[in-house]
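Note sheet for the following structure.
The values are calculated or read from the model by the stated rules, or taken from the named source; none is laboratory data. Every value quoted in this text rests on a predicted model; they were computed, and no experiment measured them. A quick note on method: Cβ atoms are made from the backbone with ideal geometry, for glycine too, and the neighbour counts reach across all protein chains shown. Side chains are part of the model used for accessible areas, which takes the heavy atoms of the whole protein and leaves out ligands, DNA and RNA. Shrake-Rupley method; radii C 1.70, N 1.55, O 1.52, S 1.80 Å.
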Amino acid sequence: LLVVILGLSAFIEYIITVKYRLLLQADQKLYIAARINAEGSILNALAIIVLIKLGATIVLVQLIASGMYLYRLLGLVYWIKKIYPQLDKYAEPDFNAISNRWHAFQYQLPDIIISYTPIIIIAAFCGYANASIYAVYNTIFAALSMIVGTFSVALAPTFGNIMAQENKQFLEQNFRMYD
């Protein structure tokens, strides 16, 4: 059951939401996705802490944590509909314009492998109990990492604009401050 829950989380995050994130990134509105991710991460961390304090089972804790991926998906869908009401997701695709459409998947595939290989190895060689413990700690660590990563992702378009203006001194000054 735990493996199914983790697989569902990965499917929602990497297969379904990626198209919305890429649209926002192309329009330099990735801060919306970053905000939704931050909110989801905070809610996720709080829910996990409360459930662990209440003595909930590992399956319930991971199920609630996976529910936060659904929160992110619904949040992205809401904002995409609000920002792009003219968007027709049933329009016929122009396959010539999107001939490299699998590149996004190819870039996400290593992240999926890196993220989920440890739990498979731990389950295979150390048992499911240790894999469950790892999954809980990894979920908390991933939530904290996502909060920190949100700031990096949100600032990327700003640095891109500064680079496009070829203002090297201003870029170095701001990057040092960010770093």
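Some observations on this one:
- Accessible area per residue for the chain is 68 Å², calculated with a 1.4 Å probe on protein heavy atoms, without ligands, DNA or RNA.
- Max mean-square fluctuation residue, GNM over the chain, Cα-Cα springs under 10 Å, options 36, 80, 48: 80
- The value of relative contact order for the chain, using C-alpha pairs under 8 Å at least six residues apart, is 32 percent.
- Angle between the chain longest axis and helix 102-126 axis [Cα atoms, degrees, rounded to 10]: 20
- Prolate/oblate/rounded call for the range 81-176, Cα gyration tensor, a/c under 1.5 rounded: oblate
- HN-Hα J in Hz across the range 154-170 - Karplus 6.51, -1.76, 1.60, θ = phi - 60°, x for Gly and Pro: 5, 8, 4, x, 5, 5, x, 5, 5, 5, 5, 7, 6, 9, 4, 5, 5
- Label of the coordinate-derived value, semi-axes √(5λ) of the Cα gyration tensor in Å, listed as [x] 35, 26, 14; [y] 30, 16, 13; [z] 32, 22, 17: [z]
- Considering only 87, 106, 69, the residue lying farthest towards the positive end of the dipole of the range 66-106 is 69, judged by Cα position with unit charges set on Cβ.
- Cα shape, the range 31-129, gyration tensor, a/c 1.5 rule: oblate
- Mean-square fluctuations from a GNM of the chain, with a 10 angstrom spring cutoff on Cα atoms, peak among 148, 61, 136 at 148.
- For the chain, modelled as a GNM whose springs connect Cα atoms under 10 angstrom apart, the maximal fluctuation among 166, 13, 39 occurs at 166.
- Under 25 Å from the Cα of residue 19 - lysines, other chains or at least 8 residues apart: 29, 81, 82, 89
- Helical mean residue ellipticity (222 nm; -39500 (n - 2.57) per DSSP H run of 4+; nearest 500) of the chain: -27500 deg cm²/dmol
- Computed magnitude of the charge dipole of the chain (debye, nearest 20; Cβ of K, R +1, Cβ of D, E -1): 320
- Considering only 117, 17, 4, and ranking their Cα positions along the charge dipole of the range 1-141 that arises from unit charges at the beta-carbon of Lys, Arg, Asp and Glu, the one farthest toward the positive end is 17.
- Rounded if a/c under 1.5, otherwise prolate or oblate - the range 9-54, Cα gyration tensor axes: oblate
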